[in-house]
Amino acid sequence: MGQLDLESLWSIQTPPEQGLECAGGLSRMAITADAAGRAHYQLRIGEHNKPLNPWLGHDVAIEFAGSIVCVHCQRLTRKSFGQGHCYACFRRLARCDTCMMAPERCHYFQGTCREPEWGERHCFAPHVVYLAASSGPKVGITKPSQMPTRWLDQGAVQALPILSVASRRQSGMVEALFRSEISDRTHWQRMLKGETADVDLIQRRDELMTRLAPGLEALRAQFGEDNIRSHGEHRVARFDYPVLAWPERVKALNLDRTPQIEGRLMGLKGQYLILDTGVINLRKYTGYQVSVRLSARS
C-alpha cells in the first residue's frame, strides 16, 4: 500500500457497532456524493443496506456460498453472465445485448430488437454525452437521471456533461465520433492507484467540439438540430473518494477462485473495495450468494 491519503481522512468514522454480519445476494454498491463531492458508500446484500465509509481501516471478510441467483428470473445458475444473469436471460433480454455496450449498433432499427417494448421505454429516452477523468480523460454516455451515479461507479474524479441527445442510439453515434479523438474506456488499475491527473475538461470540451464540428453537423443534419444540443453546463463536477492508502500493486481478487476473501478495508473507489490484500469489483459478482463480516479493530 502507498502512503496515507490525508485528503480522505474525512471519511474515517467510528463503526456503528463492534461487528456486523449479513448474508444474501450481492448487488452493486450504492454510491452518493454530498455537496462537497465526497463519495458515501453502502454495501447492499439481500435486504441489507449498510454504510461502508465508517468501516474504513477495519476488517472485511467475504465468503461466497457457492450459488448464484439470476437477478432477473431469480433462478439458480452455475455461472453469471452479463453481471448477474443466467444464460437463458442473457440470451433473451435486450438489456444484455451487445448494443448496450455499443448503442450506435442499435438492433431496434434493424427490426431485431429482443424486446421492442423495453427498447422503446429505455433506449428512446434522452441521454447525455459527457467527459470525465477516471484513469484519464474519457468520453461516455448516460441518462440524465444517472448523473452523478454513473460517474461515481466509474471512479471519476471530474465530470462534465457536454451534449444533450434525444435517444441512446444517437448518443452512441456521437460517442463513436468522439472516440476518434478521446478514449471511452477506464483503465481500472491506474484508477485504483490514484494516478488520475487533473484535467481541464472545459478546455478539452471546446477543443473537441471545434475539431469534431463537421461530424456533429452531419449528425444534426441526419437527426435534427434539436436532437443533438449543447448541454450548456460550465461547472465541472468533482469527486473525492474515501481512501486511506492506494495500492502500489493492484491485485484483483476473484470469488470464483478464492471463495473466502479477507483484508483490511483501505479504500472505496468506483465499485471496488480496496483491501490490504487486493481489490475486488463487487459489481462483477452481482447475484452471488455471500456472507459478509465487518469487524472493528481496536
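For residue 171, the requirement of being within 20 Å of the chain's Cα centre (by Cα) and either in a loop (DSSP other than H, G, I, E, B) or on the phi > 0 side of the Ramachandran plot (or both) is not met.
Quick one: is residue 198 acidic (Asp, Glu), not in a loop (DSSP other than H, G, I, E, B) and not assigned by TED's automatic domain parsing to the domain that holds residue 284? Considered against the rule, which asks whether it is acidic (Asp, Glu), not in a loop (DSSP other than H, G, I, E, B) and not assigned by TED's automatic domain parsing to the domain that holds residue 284, residue 198 comes out as no. Scanning segment 14-64 for residues that are more than 18 Å from residue 262 (Cα to Cα) and aromatic (Phe, Trp, Tyr) yields one hit, 41. Note on segment 55-76: residues that are in a helix (DSSP H, G or I) and within 12 Å of residue 89 (Cβ to Cβ) amount to 0.
Taken across segment 241-250, residues that are out of contact with any His (no Cβ under 6 Å at 6 or more places or on another chain), surrounded by 21 or more Cβ atoms within 10 Å (Cβ to Cβ) and either acidic (Asp, Glu) or outside any loop (DSSP other than H, G, I, E, B) (or both) do occur, with at least one present. One residue is enough: does segment 203-225 have a residue meeting the conditions touching a residue at least 24 places away in the same chain (Cβ under 8 Å), under 23 Å from residue 38 (Cα atoms) and not assigned by TED's automatic domain parsing to the domain that holds residue 268? Within segment 203-225, not a single residue is touching a residue at least 24 places away in the same chain (Cβ under 8 Å), under 23 Å from residue 38 (Cα atoms) and not assigned by TED's automatic domain parsing to the domain that holds residue 268. A count restricted to segment 92-140 and to residues that are in a helix (DSSP H, G or I) and either touching a strand residue (DSSP E or B) at 6+ places or on another chain (Cβ under 8 Å) or of a type in the set (S, T, N, Q) (or both) stands at 4.
Is it the case that residue 80 is out of contact with any Phe, Trp or Tyr (no Cβ under 6 Å at 6 or more places or on another chain), within 30 Å of residue 293 (Cα to Cα) and of a type in the set (Gly, Ala, Ser)? Spelling it out, residue 80 is indeed out of contact with any Phe, Trp or Tyr (no Cβ under 6 Å at 6 or more places or on another chain), within 30 Å of residue 293 (Cα to Cα) and of a type in the set (Gly, Ala, Ser).
Checked against the criterion of being aliphatic (A, V, I, L, M), over 30 Å from residue 267 (Cβ atoms) and at pLDDT 95 or above, the candidates 102, 133, 159, 166 yield just one match: 166.
The values are calculated or read from the model by the stated rules, or taken from the named source; none is laboratory data. The structure presented is a predicted model; accordingly, all values stated were derived computationally and were not measured. No Cβ is skipped: glycine too gets one built from the backbone with ideal geometry, and neighbour counts run over all protein chains shown.
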